[in-house]
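Comments concern the structure below.
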Amino acid sequence: MATFRLQGSKVLAVSMAGDAVKAKNGSMVAYDGQMAFKKMSGGGEGLRGMVTRRLTGEQMEVMEVRGQGTCWFADRASEINLVSLHGDKLWVEASNLLCADGGLRTGTTFTGLRGGATGNGLFTTTVEGTGQAAIMSDGPAVVLRVTPQYPLHVDPGAYIAHQGNLQQHFQSGVTFRTFVGEGGGEAFQIRFEGDGLVYVQPSERNTIGGDV
């Protein structure tokens with residue numbers, strides 16, 4: 001299994017001894033030893049994955065890196081966070097997934113509707129199995145705990161990923177920016193219930209529901 005380690009907070013070093021990893025296309029910044037690079041269609045799941053992503057709009061351009069040595073990855077000076085999986089599943093926005101162990105399974109899952117008025121669907125990339133994954137954030141990520149007693153409401157523009165036994169609900173009609181007079185487009189937020197972890201970033205991006 002490949003070994004993941006951070007060098008600073010914005011560069012990921014992956015040591016391989018004949019192993020393979022899946023990484024965001026174009027994210028390799030340096031390597032030593034002998035490495036082979038192969039672009040993977042549809043996020044690495046062949047024709048079915050490619051068709052699914054085309055229908056859902058979930059875009060994840062992936063390359064497989066295999067070899068002997070160390071490969072370094074980074075993407076636009078984003079902060080990098082390591083997530084260890086032990087037979088469980090990680091849900092992550094495709095644009096926030098930097099690298100995953102080659103033995104981890106990746107897919108796409110439908111997680112709800114982004115606003116009832118538009119009917120836009122939310123399709124999230126999944127990473128499942130045993131191994132490590134590296135996710136990116138715009139600024140240092142914060143990991144928030146959700147328990148049955150304390151559900152969590154998240155601005156969809158700040159959401160990165162989640163893991164654990166969590167249920168998502170999308171609520172229209174309110175957004176965090178509404179309270180400071182910066183709302184635009186259809187307002188909604190994500191409510192997480194159950195037991196697990198949610199990763200958020202201290203910056204917001206535009207979503208298909210509008211400027212949230």
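Where a number appears in this text, it was derived from the coordinates with a stated rule and is not lab data. All figures in this text were calculated on a predicted structure; none of them were measured in a lab. As a convention, Cβ positions derive from the backbone with ideal geometry for all residues, glycine included, and neighbour counts pool all protein chains shown.
Label positions at S203 and A30, each projected 7 Å from the Cα along the C-beta direction, are separated by 2.3 nm. Inter-label distance, K38 to R191: 4.6 nm, where each label sits 7 Å from its Cα along the C-beta direction. Remark: the Q7-Q167 segment gains 54.2 nm on full extension, using 0.36 nm per residue and subtracting the alpha carbon distance. Place a point 7 Å from Cα of S84 in the direction of its Cβ. Which residues in the stretch 5-19 have their backbone N less than 14 Å from it? Only 5-6 pass the distance filter.
In this simple spin-label approximation, S15 and Q149 carry label points 7 Å from Cα along the Cα→Cβ vector, and these lie 4.3 nm apart.
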